[in-house]
Amino acid sequence: MSPVTVQVPAKVNLQLAVGAVRPDGFHELVSVFHAVSLFDEVTVAPADALTVTLDGEGAGEVPLDRDNLAARAVELLADRLGQSPNVHIHIRKGIPVAGGMAGGSADAAATLLACDTMWRGNTPREMLRRLGAELGSDVPFSDLGGTAIGTGRGERLAAVASVARFHWVFALADGGLSTPAVYRECDRLRDEAGDDIPAPAPREELIAALRAGDAPALGAAMTNDLQAAAISLRPSLRDTLLAGTAAGAVGALVSGSGPTCAFLAADEDAAKSVARSLEASGTCRTTRVAYGPVSGARVLPRLWNSESGAV
Ligand code: ATP
């Protein structure tokens, strides 16, 4: 069995509508997911034990034991396919850790595909996504990529066809935000306000803007019901959002549960200019320029190995 490498993208939620808490404790969601060109690469290889190593973004902040979502993905698929879970997983991280961009979910999706390929499991992708949903609500989208509407916990997906390319700037913060803590804060703020919680639904103007490739209309239609909670826990995010808007972004919002902020730019040059202004503003740790949509998890071709001569 030869090592297999899978590349997998980060996501941003163009819309995150959070409904009431369901009897199972999850919130009813409508999420418009959009895959962007920040990637993790996950390589799996046979080993004597299940081990995880990691380099790149946030090395030192990610668990390297069985708590790593990639390790849990190996165990889940090995159990289904009757394989040994003795696999070495190496993660090259380009997705900010605990940044609201689904980095852990991305690694789980990549690991399922990489192990299935290495073990020649021939598991249909739809089945891999269903398995992925057992590990986390965002895992199926990390496998699918593109742009898609997620319902339920976010795991039931319908692809949105869009030929346009959108240009993004991501402002990375110091330290992460815990997704459960942000949901708890959202519930607390709602209890305090006492408002009715409407059933979540996709915004028609957002889907129309996506289909038309209209960046200003998309920027105006983006919403995130977790944004107030993320700002409540990390008030400095307000300054980051204002700085990006002042720099000419046509849309600005907290990505998922934060603290990464996402800025939509009119074109590639505008994105570079927004990134420069954000860095100069001192309201974020650093920035990344990216585009979307991009495809989901995919197996990378093996490179020529000059030592062994193997391909
Ligand atoms: P989401 O957007 O899905 O809510 P996130 O992008 O905010 O997630 P992650 O990068 O997935 O956050 O990390 C959340 C936590 O999950 C981290 O603090 C880390 O302890 C844990 N974790 C487990 N496995 C991984 C992994 N492979 N990569 C990153 N974090 C992981």
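The values are calculated or read from the model by the stated rules, or taken from the named source; none is laboratory data. These numbers come from a predicted model, not from an experiment. In this analysis, Cβ positions are derived from the backbone assuming ideal geometry, glycine residues included, and neighbour counts consider all displayed protein chains.
Observations
- Output for segment 198-213, where each listed residue is surrounded by 16 or more Cβ atoms within 10 Å (Cβ to Cβ) and touching a residue at least 40 places away in the same chain (Cβ under 8 Å): 200, 202, 203, 206, 207, 210
- Qualifying residue in segment 170-188 (condition: over 21 Å from the mean Cα position of the chain (by Cα), more than 16 Å from the ligand (Cβ to nearest atom) and within 25 Å of residue 243 (Cα to Cα)): no
- Boolean, residue 108 is assigned to a helix (DSSP H, G or I), in contact with a Lys or Arg (Cβ under 8 Å, 6 or more places away or on another chain), in contact (Cβ under 8 Å) with a residue 24 or more places away in the chain and within 14 Å of the ligand (Cβ to nearest atom): yes
- The residue of segment 116-149 that is surrounded by the most Cβ atoms within 10 Å (Cβ to Cβ), among those that are of a type outside the set (S, T, N, Q) and part of a loop (DSSP other than H, G, I, E, B), is 138.
- Criterion violated by residue 226 - all others in (1) within 28 Å of residue 24 (Cα to Cα); (2) modelled with pLDDT under 95; (3) in contact with a helix residue (DSSP H, G or I) (Cβ under 6 Å, 6 or more places away or on another chain) satisfied: (2)
- Out of 64, 113, one residue alone is in a helix (DSSP H, G or I) and in contact with a strand residue (DSSP E or B) (Cβ under 8 Å, 6 or more places away or on another chain). It is 113.
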